[in-house]
Amino acid sequence: MVAALSVSAQEYDWAVGLRGGLGGIGVAAKKNLDKNAIEGTVFFNNGYLGVEGDYLWQKPVIADGFHLYYGAGAYTQVAGKFFGLGAEAVLGLEYRL
């Protein structure tokens, strides 16, 4: 779910929202680049703190305001002495207010 910070012609440049899934829950910031976007998220999962960055493709679907997004990116996690790096794939459905 994403809340738009600025709206013009039913689109926005920047957004901030909550993100949830198997990787935990987090706060995301997204910058739209015409049909694509970049997104950064700080997330928490079972004692881990993580940061991820993704490149996203977006397509309108279902009804006005709904967009399918998919993409790829990288993440890092830290918990105590543990430090991890990885790659990820992203798939989701967004409703733009």
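For the stretch 48-74, filtering for residues that are open to solvent by 70 Å² or more (accessible area, probe 1.4 Å) and within 14 Å of Gly26 (Cβ to Cβ) leaves 3.
Test Tyr48 against the stated conditions and say whether it is modelled with pLDDT of 80 or more and among the hydroxyl-bearing types (Ser, Thr, Tyr).
On the way: modelled with pLDDT of 80 or more: yes; among the hydroxyl-bearing types (Ser, Thr, Tyr): yes.
Spelling it out, Tyr48 is indeed modelled with pLDDT of 80 or more and among the hydroxyl-bearing types (Ser, Thr, Tyr).
Within the stretch 30-45, if we keep just the residues that are more than 15 Å from Tyr75 (Cα to Cα) and open to solvent by 40 Å² or more (accessible area, probe 1.4 Å), the residue that is modelled with the highest pLDDT turns out to be Lys31. In the condition set (1) open to solvent by 20 Å² or more (accessible area, probe 1.4 Å); (2) touching a His at 6+ places or on another chain (Cβ under 6 Å), Glu94 is compliant with all but (1). If you go through the stretch 14-32 and keep only what is touching a strand residue (DSSP E or B) at 6+ places or on another chain (Cβ under 7 Å) and either in a loop (DSSP other than H, G, I, E, B) or β-branched (Val, Ile, Thr) (or both), you end up with Val16, Gly23, Ile25, Val27. Do we have any residue at all in the stretch 40-60 that's in contact with a strand residue (DSSP E or B) (Cβ under 9 Å, 6 or more places away or on another chain), under 16 Å from Trp14 (Cα atoms) and in contact (Cβ under 8 Å) with a residue 60 or more places away in the chain? No, every residue in the stretch 40-60 fails to be in contact with a strand residue (DSSP E or B) (Cβ under 9 Å, 6 or more places away or on another chain), under 16 Å from Trp14 (Cα atoms) and in contact (Cβ under 8 Å) with a residue 60 or more places away in the chain.
The values are calculated or read from the model by the stated rules, or taken from the named source; none is laboratory data. Note that the structure is predicted; figures quoted are calculated from it, not measured. Here Cβ is always computed from backbone atoms with ideal geometry, including for glycine, and neighbour counts include all displayed protein chains. Each accessible area value is taken on the protein alone, full model and side chains, heavy atoms only, with ligands, DNA and RNA left out. Shrake-Rupley method; radii C 1.70, N 1.55, O 1.52, S 1.80 Å.
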